[in-house]
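**Q** Structure in structure tokens, see below.
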Amino acid sequence: MPDAALSGTVPSQLGYLTTMLINFNVGSNSLEAKIPSQLGAFSKLYNTFSLASNGFTTTVPTQLGALTGASMVSQAGPKH
């Protein structure tokens, strides 16, 4: 849901969707606070993972290193 005017935080419970996702793209929104480490559970994701161009104020959790199946991973970058 890029450019969908989403705001607030990313719920850690999304990490429970480990086998239901092909793409996870919430880039170019107004999400903020910290990136939940539980998103590293998307290990079966096999296409796109993007949190780019938001307002996150934390470092990228090391657990996101488990996203080895994604063909495009975009995690960093502030919203412009």
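**Q** Being of a type in the set (G, A, S) and modelled with pLDDT of 90 or more is true for just one of S30, S43. Which residue is that?
**A** S30
**Q** Give the residue that is farthest from the chain's Cα centre (by Cα), with candidates limited to residues of region 49-80 that are at pLDDT below 80 and exposed (fewer than 12 other Cβ atoms within 10 Å of the Cβ).
**A** The selected residue is H80.
**Q** Here is a follow-up. Of the residues that sit in region 32-55 and are of a type in the set (G, A, S) and in a strand (DSSP E or B), which one is farthest from S74 (Cα to Cα)? Please lay out each step first, then the result.
**A** Here is the first cut: in region 32-55, the ones of a type in the set (G, A, S) are 33, 37, 40-41, 43, 50, 52-53, 55.
Now drop any that are not in a strand (DSSP E or B), which leaves 33, 50, 55.
Values: A33: 17, S50: 5, G55: 14 Å.
Ranking the qualifying residues of region 32-55, first place goes to A33.
**Q** Which count do you get for residues in region 1-20 that are surrounded by fewer than 16 Cβ atoms within 10 Å (Cβ to Cβ) and within 12 Å of the chain's Cα centre (by Cα)?
**A** Summing the residues that are surrounded by fewer than 16 Cβ atoms within 10 Å (Cβ to Cβ) and within 12 Å of the chain's Cα centre (by Cα) in region 1-20 gives 5.
**Q** Could you run through region 19-31 and say how many residues are within 12 Å of S53 (Cβ to Cβ) and not in a loop (DSSP other than H, G, I, E, B)?
**A** 3
The values are calculated or read from the model by the stated rules, or taken from the named source; none is laboratory data. Every value quoted in this text rests on a predicted model; they were computed, and no experiment measured them. Quick reminder, even Gly has a Cβ in these numbers, built from the backbone with ideal geometry, and neighbours come from all protein chains shown.
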